[in-house]
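Asks: Sharing a structure, written as structure tokens. Questions coming.
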Amino acid sequence: MPRHPPRWRPSPLVLASAGLHAAGALALAAAPRQWPWIAGALFADHVALAANGLWPQSPLLGPTLTRLPAGGGGGEVALTFDDGPDPEVTPRVLDLLDAAGMRASFFSIGRRAAAHPGLVADISRRGHRVENHTWSHPHAFTCFPPAAQRRQIARAQEAIAAAAGRAPAWFRAPAGLRNFLLDRELAAAGLGLAAWTRRGYDTVLREPDRVAARLLRGLTAGDVLLLHDGASARDRRGAPVVLAVLPRLLAALAERGLRSVPLAESGRRPAPGGTGAP
């Protein structure tokens, strides 16, 4: 975690929304009969805010990491794994990464980290980073008020830091969905918001070929890739899809002269506008 948490500054979209609400209040006081038009404008504003919250790579609600800084100029990509740790899957993911000489970032659920502290410690010991993916991965996280978001972030931060020996520097919201209030909570916690460039949908697709194709199509240096060591779909034989996809993905990275690294360990938040487009 950074020594000095970054100061929160509302994004231009949030500032514009606040200005629109203030203007609406003044307009309503001056011309009460125009309330349908005023209400319509405010409703459209709320729709715009909600739509951006449903777009994980959106930079309009606050800084969002979607690509590595400098575009992975050293031939780097970032493999990221969500929803673990899983005592069945995570150790095998770690072995595959070790064999390929690659490092990754694991966005872990706090209560799973608390249940498997030894596994979290092993992730860290092997040179990977363990990051914050909320305490319990609530599907309605994007609808939570600030206090509830704060609790989810803080409890996970504490559990992961205790197990890994290092506090997370990055946060990923469940399914990447968030509201306009999240950026302030992350700034207070000293966390950056990480999304991704491409994802494999390995929680729903049961065919490893399709998952691998989604990740490899157009892959370039700087990409942030999303897989799951927790909640992975099962193939027709009942095996976790991620374990069939990962060897192919690692081989393809090596063939293309790319290597996987953890997200920047400085914990700096991305500049406004993110660090790249998806």
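Asks: Per residue of the stretch 246-254, in order, report the coupling 6.51 cos²θ - 1.76 cosθ + 1.60 (Karplus, θ = phi - 60°) as ³J(HN,Hα) in whole Hz, putting x for Gly and Pro.
Replies: Values, residue by residue: 4, x, 5, 5, 5, 5, 5, 4, 4 Hz.
Asks: Using amide H atoms built 1.01 Å from N in the peptide plane, name the residues 5+ places from LEU65, or on other chains, whose amide H lies under 5 Å from its own.
Replies: For LEU65, whose amide H was placed from the backbone, the distant partners under 5 Å are LEU193, ALA194, ALA195.
Asks: Related question: Would you grab the residues whose amide H sits under 5 Å from the one on VAL77? Only those 5+ places off in sequence or on another chain, please, with H modelled 1.01 Å from N.
Replies: GLY222, ARG259, SER260, VAL261
Asks: Give the dimensionless ratio obtained when the Cα radius of gyration of the stretch 174-237 is divided by 2.2 N^0.38 Å.
Replies: The stretch 174-237 yields a ratio of 1.39.
Asks: Fewest first, what order do ASP235, ASP183, ASP95 take by the number of other Cβ atoms within 10 Å?
Replies: Exposure proxy ranking, most exposed first: ASP95, ASP235, ASP183.
Asks: Here's another thing I want to ask about it. Considering amide H positions built from the backbone, and no H for Pro or chain starts, which residues 5 or more places from ALA104, or on another chain, come under 5 Å of its amide H?
Replies: Amide H neighbours of ALA104: ARG129.
Asks: Further question: Tell me, what are the semi-axes, in whole angstrom and largest first, of the equivalent ellipsoid of the stretch 124-210 as set by the roots of 5 times the Cα gyration tensor eigenvalues?
Replies: Over the Cα atoms of the stretch 124-210, the ellipsoid semi-axes are 23, 19, 11 Å.
Asks: On a full-extension model of 0.36 nm per residue, what is the gain between ARG217 and ALA162, subtracting their alpha-carbon distance, rounded to one decimal in nm?
Replies: 16.0 nm
Asks: Now, a different point. Taking the Cβ-Cβ separation of ARG248 and ARG126 as r and a Förster radius of 22 Å, what is the calculated FRET efficiency to the nearest 0.05?
Replies: 0.55
Asks: Additional query: Through the Karplus equation 6.51 cos²θ - 1.76 cosθ + 1.60, θ set to phi - 60°, convert the phi angles of the stretch 175-182 into ³J(HN,Hα) values in whole Hz; use x for Gly and Pro.
Replies: Here the 3J(HN,Hα) series is 6, x, 8, 8, 10, 6, 8, 5 Hz.
Asks: For the stretch 79-169, what class follows from the C-alpha gyration tensor (a ≥ b ≥ c being the square roots of its eigenvalues): rounded when a/c is under 1.5, otherwise prolate if a/b is larger than b/c, else oblate?
Replies: Because a/c hits 1.5 or more and a/b exceeds b/c, the stretch 79-169 counts as prolate.
Asks: A further question on this structure: Take each of the peptides 188-194, 72-78, average the number of other beta-carbon atoms within 10 Å over its residues, and list them starting from the highest.
Replies: Highest-to-lowest ranking by the protection proxy: 188-194, 72-78.
Asks: Between ALA30 and ALA154, what is the spin-label point distance in nm, taking each point 7 Å from the Cα along the Cα→C-beta axis?
Replies: Simple spin-label model gives 4.3 nm for this pair.
Where a number appears in this text, it was derived from the coordinates with a stated rule and is not lab data. All of these numbers come straight from a predicted model, not from anything done at the bench. Quick reminder, even Gly has a Cβ in these numbers, built from the backbone with ideal geometry, and neighbours come from all protein chains shown.
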